[in-house]
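See structure below.
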Amino acid sequence: MQFHIQETMSKGLKTTIDEELDVSDLFKGRQDVYRTGPLHVMLQVTGHEGFIEVDGKLAIDLELACSRCLEPVKDHTVIRFSEVFKRAASDVDRDEDMEEEESDFIEVDADRLDLRPYVEEALQLFMPFAPLCSNDCKGLCQTCGQNLNEHTCSCSTEKIDVRFAALKDLFKE
Ligand SMILES: [Zn+2]
Ligand SMILES: [Zn+2]
């Protein structure tokens, strides 16, 4: 997934990337990520005069912890990827270009464009947020850790009782 920037731009190159990346290292130490399948990268790279356009999608099979009960949740995530890369201007050019500086470009300060870090960043950014095993997942009991989808426990009712007791005391005074 590396391109020589000058070469790609000057030749008006068009390339398709169809690769699978092992991204398991990215989520090492994340307890809410149980398994990450390879990241399927499907991108179209097009060289233009002065910039490189990269467009396509990323897809991955994930096994994540339900954000309420921690049971594994399987997810197939598809992420749209669309970026425009530009060779960082030299100091001389930079002054001239200052006025029409566009933030839509990602400036690359090297001869080679390596897409891997951008692809990995996109994945980390668009990972499903707070996945749920089901919309009405009852989660874990905060007190005893019981998975409330499987069994109920008596903790929650006790808590209410305590509050009630405090309330009663308040009214006595
Ligand atoms: Zn759940
Ligand atoms: Zn409990």
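The values are calculated or read from the model by the stated rules, or taken from the named source; none is laboratory data. Since this is a predicted model, take the numbers as computed values, not measurements. With ideal geometry, Cβ positions are generated from the backbone for all residues, glycine too; neighbour counts draw on all protein chains shown.
Checking each residue in region 1-58 for being of a type outside the set (Gly, Ala, Ser), in contact with a His (Cβ under 9 Å, 6 or more places away or on another chain) and either without any contact (Cβ under 8 Å) to a residue 24 or more places away in the chain or surrounded by fewer than 12 Cβ atoms within 10 Å (Cβ to Cβ) (or both) picks out ASP18, GLU19, GLU20. Of all residues in region 45-84, exactly one satisfies the criterion of being touching a Lys or Arg at 6+ places or on another chain (Cβ under 7 Å) and of a type in the set (S, T, N, Q), namely THR46.
Of the numbered criteria (1) among the hydroxyl-bearing types (Ser, Thr, Tyr); (2) at pLDDT below 90; (3) under 30 Å from THR46 (Cβ atoms); (4) not in a loop (DSSP other than H, G, I, E, B), the one TYR118 fails is (2).
Reported count of residues in region 123-149, each being hydrophobic (A, V, I, L, M, F, W, C), more than 10 Å from ligand 2 (Cβ to nearest atom), outside any helix (DSSP H, G or I) and surrounded by fewer than 17 Cβ atoms within 10 Å (Cβ to Cβ), is 4. Restricting attention to region 81-104, does a residue exist that is modelled with pLDDT of 65 or more and either on the phi > 0 side of the Ramachandran plot or touching a His at 6+ places or on another chain (Cβ under 7 Å) (or both)? There is no residue in region 81-104 that is modelled with pLDDT of 65 or more and either on the phi > 0 side of the Ramachandran plot or touching a His at 6+ places or on another chain (Cβ under 7 Å) (or both). In region 127-149, the residues that are of a type in the set (Gly, Ala, Ser) form Cβ pairs under 7 Å with partners that are more than 8 Å from ligand 1 (Cβ to nearest atom) and assigned to a loop (DSSP other than H, G, I, E, B), at six or more places apart or across chains, as follows: GLY139/LEU148. Restricting region 1-38 to residues that are over 22 Å from the mean Cα position of the chain (by Cα) and assigned to a loop (DSSP other than H, G, I, E, B), the residue that is modelled with the lowest pLDDT is LYS11.
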